[in-house]
Amino acid sequence: MVVADDQEIVRSGLTMILNAQPGIEVVGEAADGHHAVELARRLRPDVCLFDIRMPGVDGIEATRRLAGPRVAEPLAVVVITTFDLDEYVYAALRAGARGFLLKDAGSVLLTQAVRAAADGDALIAPSVTTRLLHAFADAGPAAPPRQPVEPLTDREEQILTAVARGRTNSEIAGEFHVSLSTVKTHVASLMAKLGARNRVEIAIWAYETHRVRGR
């Protein structure tokens, strides 16, 4: 994976934590978004971990260049930020970020987010999930929410709500007493019907259409 943060002590700390985890290896580090994008395009890591506030090209623009709507083969990007109400996080949602963490999340949550992103899943820090997406939806979408190409089934509506609240596939399977593969099938169907590229976009749609409301 590639780690980008303009503060060397933070970048080194993240790299040290991640390299200590089985099956995770940091193959590149960058102090700004321009270098991060260059490294990611060259190395094609399974996951990129980007700070939002970086000089030059910030984490939002770096995410857009690697995972945005016009990217043919998007990379998995997890955004990490200091503030749980940082307005830039909302823009990162639109830029294609797959996961969100606070810098005080701890090594366990950091590792979970990286593994989730690598597996095509998404993890948003529990303290951020509802407030963040609700605030994003309250800001108003650039255009009316798109309609699904086919109506959602009752079960898909349930899965949609669970995804929007930040539940993982395993948690959803346990909640509805179904297999993990069944959950993955429903999530794939939701992405197809909504034209969403990942779980974060599913969550955005749920908030924009007021199927889920903040606390």
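The values are calculated or read from the model by the stated rules, or taken from the named source; none is laboratory data. Keep in mind that what you see is a predicted model, and the values were worked out from it rather than measured. Note that each Cβ is placed from the backbone with ideal geometry, even for glycine, and that neighbours are counted across all protein chains shown. Note: accessible area is taken over every heavy atom of the protein model, side chains too, but ligands, DNA and RNA are not part of it. Shrake-Rupley method; radii C 1.70, N 1.55, O 1.52, S 1.80 Å.
Considered as a group, the residues in segment 168-215 that are of a type in the set (Lys, Arg) and open to solvent by 50 Å² or more (accessible area, probe 1.4 Å) include one that is farthest from PRO151 (Cα to Cα), and that residue is ARG215. Against the condition at pLDDT below 85, touching a Phe, Trp or Tyr at 6+ places or on another chain (Cβ under 9 Å) and either basic (Lys, Arg) or under 25 Å from VAL71 (Cβ atoms) (or both), how does PRO145 come out, does it pass? Answer is yes for this residue. Residue pairs, Cβ under 6 Å, 6 or more apart or interchain, first in segment 180-197 and assigned by the TED database to the domain that holds THR161, second open to solvent by 50 Å² or more (accessible area, probe 1.4 Å) and outside any helix (DSSP H, G or I). List them. Qualifying pairs under 6 Å: LYS193/VAL149; LYS193/GLU150. Annotation: ILE60 fulfils all but one of (1) open to solvent by less than 80 Å² (accessible area, probe 1.4 Å); (2) at pLDDT 95 or above; (3) aliphatic (A, V, I, L, M); the unmet one is (2). Pairing each residue of segment 109-122 that is surrounded by fewer than 17 Cβ atoms within 10 Å (Cβ to Cβ) with any residue that is in a helix (DSSP H, G or I), provided the two are 6+ apart or on different chains, yields no C-beta distance under 6 Å.
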